[in-house]
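S.K.: Dropping a structure here in C-alpha coordinates format, bear with me for questions.
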Amino acid sequence: MNHTSYPRGAHRMVVGISGATGIAYGIRTLEVLKAAGIETHLVMSRSARLTLSYESDLTTAQVQELADFHYSPEDVGAPIASGSFRTRGMIVAPCSVKSLAQIAVGTCDTLLARAADVTLKERNRLVLMVRETPLTLTHLRNMTTVTENGGIIAPPVPAFYTRPKGLEDVIDQSVGRALDLFGIDSETFPRWGEPAVPAQDATSTPPTLRPLAQSAVHV
(Lines give C-alpha, C1' and ligand atoms only; values in the text may rest on other atoms or scores of the structure.)
Protein backbone atom coordinates (compact mmCIF):
# COMPACT_ATOMS: atom_id res chain seq x y z
CA MET A 1 0.00 0.00 0.00
CA ASN A 2 1.54 3.28 -1.10
CA HIS A 3 0.39 6.09 1.15
CA THR A 4 1.70 8.54 3.73
CA SER A 5 1.20 7.27 7.26
CA TYR A 6 1.36 9.34 10.42
CA PRO A 7 1.99 8.02 13.90
CA ARG A 8 -0.99 8.01 16.19
CA GLY A 9 -1.30 11.46 17.78
CA ALA A 10 -0.01 13.30 14.71
CA HIS A 11 -3.36 15.05 14.34
CA ARG A 12 -3.49 16.14 17.98
CA MET A 13 -1.69 19.10 19.58
CA VAL A 14 -1.48 20.75 22.97
CA VAL A 15 -1.79 24.54 23.02
CA GLY A 16 -0.70 26.50 26.07
CA ILE A 17 -1.50 30.17 26.53
CA SER A 18 0.35 31.97 29.32
CA GLY A 19 -0.03 35.46 30.72
CA ALA A 20 2.50 37.26 28.52
CA THR A 21 1.27 40.02 26.27
CA GLY A 22 0.40 38.79 22.79
CA ILE A 23 -2.60 36.58 23.47
CA ALA A 24 -3.60 37.08 19.83
CA TYR A 25 -0.86 34.56 18.95
CA GLY A 26 -2.58 31.85 20.95
CA ILE A 27 -6.02 32.67 19.57
CA ARG A 28 -4.77 32.62 15.98
CA THR A 29 -2.90 29.35 16.61
CA LEU A 30 -6.15 27.71 17.68
CA GLU A 31 -7.93 29.05 14.59
CA VAL A 32 -5.26 27.78 12.19
CA LEU A 33 -5.07 24.36 13.82
CA LYS A 34 -8.85 24.04 13.63
CA ALA A 35 -8.69 24.81 9.90
CA ALA A 36 -5.96 22.15 9.58
CA GLY A 37 -8.17 19.52 11.19
CA ILE A 38 -5.82 19.20 14.17
CA GLU A 39 -7.44 18.17 17.44
CA THR A 40 -6.43 20.80 20.02
CA HIS A 41 -6.08 20.49 23.79
CA LEU A 42 -5.95 23.91 25.42
CA VAL A 43 -4.69 25.02 28.80
CA MET A 44 -4.72 28.72 29.72
CA SER A 45 -2.91 29.95 32.80
CA ARG A 46 -4.76 32.17 35.26
CA SER A 47 -2.61 35.10 34.13
CA ALA A 48 -3.61 34.42 30.52
CA ARG A 49 -7.25 34.99 31.42
CA LEU A 50 -6.31 38.36 32.90
CA THR A 51 -4.28 39.31 29.83
CA LEU A 52 -7.21 38.29 27.62
CA SER A 53 -9.41 40.86 29.36
CA TYR A 54 -6.87 43.59 28.51
CA GLU A 55 -6.02 42.61 24.94
CA SER A 56 -9.17 41.12 23.42
CA ASP A 57 -12.94 41.46 23.37
CA LEU A 58 -13.25 37.66 23.54
CA THR A 59 -14.19 35.94 26.78
CA THR A 60 -12.32 32.98 28.21
CA ALA A 61 -15.24 30.74 27.23
CA GLN A 62 -15.07 31.97 23.62
CA VAL A 63 -11.35 31.19 23.40
CA GLN A 64 -11.93 27.77 24.93
CA GLU A 65 -14.60 27.07 22.30
CA LEU A 66 -11.90 27.35 19.62
CA ALA A 67 -10.28 24.21 21.06
CA ASP A 68 -11.61 20.67 20.96
CA PHE A 69 -10.77 20.17 24.64
CA HIS A 70 -9.77 22.59 27.37
CA TYR A 71 -8.56 22.13 30.93
CA SER A 72 -8.20 24.07 34.15
CA PRO A 73 -4.61 25.21 34.85
CA GLU A 74 -4.78 23.31 38.16
CA ASP A 75 -5.96 20.03 36.60
CA VAL A 76 -2.67 18.12 36.75
CA GLY A 77 -4.66 14.90 36.28
CA ALA A 78 -5.74 15.91 32.75
CA PRO A 79 -4.84 13.62 29.81
CA ILE A 80 -2.14 16.04 28.58
CA ALA A 81 -0.30 15.55 31.89
CA SER A 82 0.56 11.97 30.91
CA GLY A 83 3.25 10.76 28.56
CA SER A 84 0.97 7.97 27.36
CA PHE A 85 -1.32 10.58 25.79
CA ARG A 86 0.20 10.83 22.32
CA THR A 87 0.35 14.17 20.53
CA ARG A 88 2.24 15.89 17.72
CA GLY A 89 3.70 18.23 20.34
CA MET A 90 2.95 21.39 22.27
CA ILE A 91 3.13 25.08 21.53
CA VAL A 92 2.96 27.82 24.16
CA ALA A 93 1.76 31.01 22.50
CA PRO A 94 2.62 33.38 23.97
CA CYS A 95 5.05 32.09 26.57
CA SER A 96 5.82 34.29 29.57
CA VAL A 97 9.23 34.23 31.22
CA LYS A 98 7.52 32.78 34.30
CA SER A 99 6.27 29.80 32.29
CA LEU A 100 9.68 29.59 30.60
CA ALA A 101 11.36 29.35 34.01
CA GLN A 102 8.93 26.68 35.25
CA ILE A 103 9.54 24.60 32.14
CA ALA A 104 13.32 25.08 32.32
CA VAL A 105 13.59 23.82 35.90
CA GLY A 106 10.85 21.18 35.62
CA THR A 107 8.45 22.72 38.12
CA CYS A 108 5.21 20.89 37.40
CA ASP A 109 2.80 22.58 39.82
CA THR A 110 0.56 23.82 36.97
CA LEU A 111 -0.91 21.88 34.07
CA LEU A 112 0.81 24.09 31.50
CA ALA A 113 4.24 23.41 33.01
CA ARG A 114 3.49 19.70 33.46
CA ALA A 115 2.26 19.29 29.88
CA ALA A 116 5.43 20.98 28.61
CA ASP A 117 7.59 18.76 30.82
CA VAL A 118 5.79 15.69 29.47
CA THR A 119 6.37 16.89 25.92
CA LEU A 120 10.10 17.15 26.55
CA LYS A 121 10.44 13.82 28.35
CA GLU A 122 8.59 12.03 25.56
CA ARG A 123 10.94 13.65 23.03
CA ASN A 124 8.10 15.43 21.24
CA ARG A 125 8.26 18.89 19.72
CA LEU A 126 7.91 21.77 22.21
CA VAL A 127 7.82 25.32 20.83
CA LEU A 128 7.80 28.33 23.14
CA MET A 129 6.83 31.69 21.64
CA VAL A 130 8.63 33.61 24.38
CA ARG A 131 7.37 37.17 24.62
CA GLU A 132 9.72 39.42 26.61
CA THR A 133 12.23 42.21 26.00
CA PRO A 134 14.85 43.14 27.02
CA LEU A 135 16.15 39.82 28.32
CA THR A 136 18.07 39.20 31.53
CA LEU A 137 20.83 36.63 31.86
CA THR A 138 18.37 34.44 33.79
CA HIS A 139 15.95 34.53 30.84
CA LEU A 140 18.72 33.59 28.43
CA ARG A 141 19.95 30.75 30.63
CA ASN A 142 16.43 29.38 30.91
CA MET A 143 16.15 29.48 27.11
CA THR A 144 19.43 27.60 26.85
CA THR A 145 18.22 24.95 29.30
CA VAL A 146 14.98 24.39 27.37
CA THR A 147 16.93 24.18 24.11
CA GLU A 148 19.38 21.66 25.59
CA ASN A 149 16.37 19.55 26.61
CA GLY A 150 15.09 19.52 23.03
CA GLY A 151 12.65 22.44 23.09
CA ILE A 152 12.61 25.26 20.55
CA ILE A 153 12.57 28.93 21.51
CA ALA A 154 10.64 30.82 18.83
CA PRO A 155 9.98 34.44 19.83
CA PRO A 156 7.31 36.08 17.65
CA VAL A 157 9.70 38.29 15.67
CA PRO A 158 7.93 39.77 12.61
CA ALA A 159 9.39 39.75 9.11
CA PHE A 160 8.77 42.87 7.08
CA TYR A 161 9.73 41.53 3.65
CA THR A 162 6.16 40.22 3.60
CA ARG A 163 4.94 43.84 3.42
CA PRO A 164 2.32 43.36 6.15
CA LYS A 165 -0.78 45.48 5.63
CA GLY A 166 -1.87 45.31 9.24
CA LEU A 167 -1.51 43.61 12.60
CA GLU A 168 -3.30 40.50 11.35
CA ASP A 169 -0.59 39.92 8.73
CA VAL A 170 2.13 40.23 11.39
CA ILE A 171 0.35 37.73 13.64
CA ASP A 172 -0.22 35.30 10.75
CA GLN A 173 3.45 35.33 9.81
CA SER A 174 4.65 34.67 13.37
CA VAL A 175 2.09 31.92 14.00
CA GLY A 176 2.75 30.40 10.57
CA ARG A 177 6.50 30.21 11.17
CA ALA A 178 5.94 28.63 14.59
CA LEU A 179 3.62 25.99 13.12
CA ASP A 180 6.21 25.28 10.40
CA LEU A 181 8.24 23.72 13.22
CA PHE A 182 5.50 21.09 13.57
CA GLY A 183 5.35 20.42 9.84
CA ILE A 184 2.09 22.35 9.51
CA ASP A 185 1.87 24.78 6.59
CA SER A 186 -0.76 27.39 7.46
CA GLU A 187 -0.62 28.88 3.94
CA THR A 188 -1.58 32.25 5.43
CA PHE A 189 1.57 34.28 4.74
CA PRO A 190 3.99 34.87 1.84
CA ARG A 191 7.33 33.05 1.92
CA TRP A 192 10.66 34.35 0.72
CA GLY A 193 11.34 33.20 -2.83
CA GLU A 194 7.96 31.51 -3.23
CA PRO A 195 4.82 32.72 -5.03
CA ALA A 196 2.41 34.44 -2.69
CA VAL A 197 -0.80 32.62 -1.78
CA PRO A 198 -3.66 34.49 -3.50
CA ALA A 199 -5.75 36.43 -0.99
CA GLN A 200 -8.92 34.52 -1.89
CA ASP A 201 -7.18 31.20 -1.28
CA ALA A 202 -5.47 32.05 2.00
CA THR A 203 -8.57 31.25 4.07
CA SER A 204 -10.29 28.72 1.82
CA THR A 205 -7.28 26.44 1.31
CA PRO A 206 -6.83 24.12 4.31
CA PRO A 207 -3.35 24.04 5.86
CA THR A 208 -1.21 21.07 4.91
CA LEU A 209 0.31 18.54 7.30
CA ARG A 210 3.75 17.03 6.72
CA PRO A 211 5.52 14.21 8.58
CA LEU A 212 7.33 15.66 11.58
CA ALA A 213 11.08 15.15 11.67
CA GLN A 214 12.66 14.27 14.99
CA SER A 215 14.32 17.11 16.87
CA ALA A 216 18.05 17.23 16.26
CA VAL A 217 18.81 18.11 19.89
CA HIS A 218 17.81 15.77 22.72
CA VAL A 219 19.95 15.14 25.76
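S.K.: Going residue by residue through segment 50-70, is there one that turns out to be open to solvent by 10 Å² or more (accessible area, probe 1.4 Å) and over 27 Å from Q173 (Cα atoms)?
M.R.: No, there is no match, as no residue in segment 50-70 is open to solvent by 10 Å² or more (accessible area, probe 1.4 Å) and over 27 Å from Q173 (Cα atoms).
S.K.: Based on this model, can you work out whether R177 counts as closer than 24 Å to R46 by Cβ, in contact (Cβ under 8 Å) with a residue 12 or more places away in the chain and open to solvent by 30 Å² or more (accessible area, probe 1.4 Å)?
M.R.: no
S.K.: Sticking with this one: Within segment 2-18, work out how many residues are surrounded by 10 or more Cβ atoms within 10 Å (Cβ to Cβ), at pLDDT 60 or above and farther than 12 Å from I38 by Cα.
M.R.: Total satisfying the criteria: 3.
S.K.: Checking the condition modelled with pLDDT of 95 or more and farther than 23 Å from T40 by Cα, which residue from H139, H218 passes?
M.R.: Numbers: H218 fails: modelled with pLDDT of 95 or more.
On inspection, the qualifying residue turns out to be H139.
S.K.: Could you list, ordered by first residue, the pairs with Cβ atoms under 8 Å in which the first is in segment 56-69 and under 18 Å from G22 (Cα atoms) and in contact (Cβ under 8 Å) with a residue 24 or more places away in the chain and the second is open to solvent by 30 Å² or more (accessible area, probe 1.4 Å) and of a type in the set (F, W, Y), at least 6 apart or interchain?
M.R.: none
S.K.: To continue, here is another question. One residue is enough: does segment 80-90 have a residue meeting the conditions farther than 18 Å from G9 by Cβ, open to solvent by 30 Å² or more (accessible area, probe 1.4 Å) and of a type in the set (A, V, I, L, M, F, W, C)?
M.R.: no
S.K.: Please give the helices (runs of 4 or more DSSP H) falling wholly within segment 1-98 in which 2 or more residues are over 22 Å from G151 (Cβ atoms) and in contact with a Ser or Thr (Cβ under 8 Å, 6 or more places away or on another chain). I'd like the intermediate steps shown before the answer.
M.R.: Values: elements: 23-35, 46-55, 60-64.
Passing ranges, in order: 23-35, 46-55.
S.K.: Residue by residue through segment 140-181, note down the ones that are under 17 Å from R125 (Cα atoms) and among the polar types (S, T, N, Q).
M.R.: At the first step, the residues of segment 140-181 found to be under 17 Å from R125 (Cα atoms) are 143-155, 175-181.
Passing the criteria: T144, T145, T147, N149.
The values are calculated or read from the model by the stated rules, or taken from the named source; none is laboratory data. Computed from a predicted model, the values in this text were never measured in an experiment. In this analysis, Cβ positions are derived from the backbone assuming ideal geometry, glycine residues included, and neighbour counts consider all displayed protein chains. SASA here: full protein model, heavy atoms, side chains in, ligands and nucleic acids out. Shrake-Rupley method; radii C 1.70, N 1.55, O 1.52, S 1.80 Å.
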